[in-house]
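Every number here is computed from the coordinates shown, using simple stated rules; none is lab data. This is a predicted model, so every value here is computed, not measured. All Cβ positions, glycine included, derive from the backbone under ideal geometry; neighbour counts span all protein chains shown.
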Amino acid sequence: LRVAQTKLWAGDAAGALPEFVRLLSADFDQPKAYGDFVAAVVRAGGTPAPEVQALARRVADRIKVEDEGDPAALARLARLDDSLGRRDRAEAALVRAAGLVKAETDPGARREVAGALAGLGRVADAR
């Protein structure tokens, strides 16, 4: 897990992604890895390979939008769900993220939520 996280935190999402896939494929029940896996998929860009998409669906299904309190994590989850064709789930995550970000002082979280809103075509809400 530390190798994957270190690569992700160093800005190498494309290098971290295979590490997360290997880790979660061997032992899926690692909730501490889910958020960073989502971040790696979103930040790696492009269309993920089918095996990554399948794993991403499983991870996204484990993350409960109503229990997540980090607006940036919700924004990444929304981007992931949207890329998987799950627009309703993406919208639910964004609604929660937008509600949380109003009280958020972290400009990075505000940018992440605004980017996800714009990415889902909600440009007016992103302002």
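Of the trypsin sites (Lys or Arg not before Pro) found in region 1-107, those that fall in a DSSP loop while having at most 11 other beta-carbon atoms within 10 Å are Lys64, Lys102. Within the shell of other residues whose beta carbon sits under 12 angstrom from the beta carbon of Val3, the net charge comes to 0, with Lys and Arg scored +1 and Asp and Glu -1. Along the Cα-to-Cβ line of Lys102, 7 Å from the Cα, sits a label point; which residues in region 77-95 have backbone N less than 19 Å from it? Correct set: 91-95.
By how many degrees, 0 to 90 and rounded to 10, does the Cα axis of helix 107-119 deviate from the longest principal axis of the chain? Rounded to the nearest ten degrees, it is 90. Axis of helix 87-101 versus longest Cα principal axis of the chain: the two differ by about 60°, to the nearest ten degrees.
Among Leu23, Leu94, Leu77, the residue with the largest mean-square fluctuation in a Gaussian network model of the chain, with springs joining Cα atoms closer than 10 Å, is Leu23.
Potential lengthening of the chain between Glu68 and Arg122 amounts to 17.3 nm, from the contour at 0.36 nm per residue minus the alpha-carbon distance. For the chain, the longest principal axis of the Cα atoms and the long axis of helix 13-26 meet at an angle of about 60 degrees. Straight-line reach from Lys64: which aspartates and glutamates have Cα under 17 Å away, leaving out those fewer than 8 places along the same chain? Correct list for Lys64: Asp29, Asp36, Asp81, Asp82, Asp88, Glu91.
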